[in-house]
Amino acid sequence: MKKCHIAYLACTAALVGTAVGAAPPVHHRTLHVVHPGESVQKAVDAAKPGDTVLLTPGTYRESVSLTTSGVTLRGTGPRTVLRPAPVTTTKKAANSCAAAGHGICVTGTKDRKVERVTIAGLTVSGFTKHGVYAVDTDRLTVRRVTAEKNGVWGIATEASTRGVYRDNTARDNGDAGLFLANTVTAEQGATDTRGTVVARNRLEGNRIGVTVRRLRNLSVDRNHFTGNCAGVFVVGDENKPKAGLVTVRGNRIVDNNKSCPKTARLDALQGSGIVLTGAEDSLVTRNVITGNAGASPLSGGIVLFKSIVGAASERNRISDNVLRDNAPADLVNADTGQGNTFERNDCRASRPTGLC
């Protein structure tokens with residue numbers, strides 16, 4: 001019995017060995033440590049799924065392109081800073097991310113998304129376009145990132161699902177602090193984000209704090225907005241499926257009174273707390289919205305407004321919010337859409353009257 005048992009184990013071990021031999025080698029997670037003056041891109045290119053690229057404190061003058069799933073790019077806090085490479089007349093941009101004017105790019109394809117990438121614990125500042133820009137990603141996490149003084153968007157994603165954007169600071173960017181969209185290059189229906197979360201971020205001094213454009217099924221939760229031209233924009237249009245199923249909950253939206261000029265897509269902005277335009281089936285609840293005042297058609301505490309192409313907002317529920325000192329009113333319904341409801345809001349003035 002013992003001999004047979006040993007022989008059986010030997011045969012089993014041989015079979016297992018054959019199977020293991022046929023499988024790819026197991027990758028042990030590696031920490032790639034980068035110091036100022038060394039190439040971040042070189043470390044990212046060497047990283048495999050499961051690896052972490054750690055940037056020690058200091059300033060790194062380059063853009064970083066990341067296309068490998070499962071990689072973490074992490075700094076040690078605000079003192080880890082990514083800035084544009086010095087402008088020279090003889091040296092071309094190191095990669096397409098730099099050539100486009102972005103700081104960090106996470107890029108997949110329509111058929112093969114980049115999955116489970118994490119960007120954390122660093123500052124991205126001074127890029128001509130976007131600080132962090134992600135396209136075709138799934139389960140991207142951006143946390144404890146400061147995106148400041150970038151030309152267009154601080155942190156932005158397109159065609160991405162199940163993202164988590166938490167505990168970031170986006171300030172003084174040219175357009176949105178956080179921008180989430182289906183695509184900006186084509187007309188198409190809203191993308192189901194499958195539960196993307198925007199939570200506990202601080203948005204200040206941007207044109208718009210958070211823009212959610214032509215997306216469905218996500219939450220904007222417990223963020224702080226101040227000093228922007230507008231706090232939150234949920235934007236849809238006539239494409240199908242329509243933008244919506246967005247929950248805007250528990251945010252503090254105070255004194256967003258910066259003045260921004262008109263653009264090709266939007267009227268001048270000032271004093272907008274939360275704006276829903278061309279969206280459906282969304283919930284705006286338990287927000288504190290105070291001191292947002294302006295003379296724009298989009299000014300006010302919570303505003304429902306038809307989209308740029310005239311698409312109505314429908315079946316949205318505005319409930320249990322606290323609103324004070326917003327002008328021209330705490331609640332503004334300038335939309336002709338059907339089924340929008342205003343319930344149990346603590347406010348003092350509305351247009352039309354009777355919404356408080």
Exercise. Among the listed pairs Lys42/Lys110; Lys149/Lys258; Lys110/Lys306; Lys48/Lys129; Lys240/Lys306, give every one whose C-alpha distance is greater than 22 Å.
Key: Lys42/Lys110; Lys110/Lys306; Lys48/Lys129
Quiz item: Just in the stretch 92-167: which trypsin sites (Lys or Arg not before Pro) are loop by DSSP and have at most 11 other Cβ atoms within 10 Å?
Solution: Lys92, Lys110, Arg112
Exercise. Go through the stretch 253-267 residue by residue and turn each phi into a ³J(HN,Hα) via Karplus (6.51, -1.76, 1.60, θ = phi - 60°); whole Hz please, and just put x for glycine and proline.
Key: 10, 10, 6, 8, 10, 4, 9, 10, x, 5, 10, 5, 9, 9, 5
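Normalise the Cα radius of gyration of the chain by 2.2 N^0.38 Å (N = residues in it) and let me know the number.
Dividing the Cα radius of gyration by 2.2 N^0.38 Å gives 1.16.
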Exercise. Between beta-carbons, use under 11 Å as the cut-off and find the net charge around Arg324, counting Lys and Arg +1, Asp and Glu -1.
Key: -2
Practice problem: Beta carbons within 10 angstrom, averaged per residue: use that to sort the peptides 325-333, 51-59, highest first. | Solution: 325-333, 51-59
Quiz item: Using modelled amide H (1.01 Å from N, peptide plane; none on Pro or chain starts), what sits under 5 Å from the amide H of Asn340, excluding residues fewer than 5 places away?
Solution: Arg315, Asn316
Self-check item: Cα centroid of the stretch 123-177 to Cα centroid of the stretch 316-340, whole Å
Solution: 29
Quiz item: Under a plain spin-label model, where a point goes 7 Å from the Cα along Cα-to-Cβ, how far apart in nm are Asp320 and Asn95?
Solution: 4.4
Self-check item: Value of relative contact order over the chain, rounded to a whole percent, pairs C-alpha under 8 Å and six or more apart
Solution: 8
Exercise. Using only Cα atoms, find the angle between the long axis of helix 2-22 and the longest principal axis of the chain, and express it within 0 to 90 degrees, rounded to the nearest 10.
Key: 60
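Values quoted throughout were computed directly from the atomic coordinates according to the rules given, and no laboratory measurement underlies them. Source: prediction; values computed, not measured. Reconstructed Cβ throughout: ideal geometry from the backbone, glycine too, with neighbour counts over all protein chains shown.
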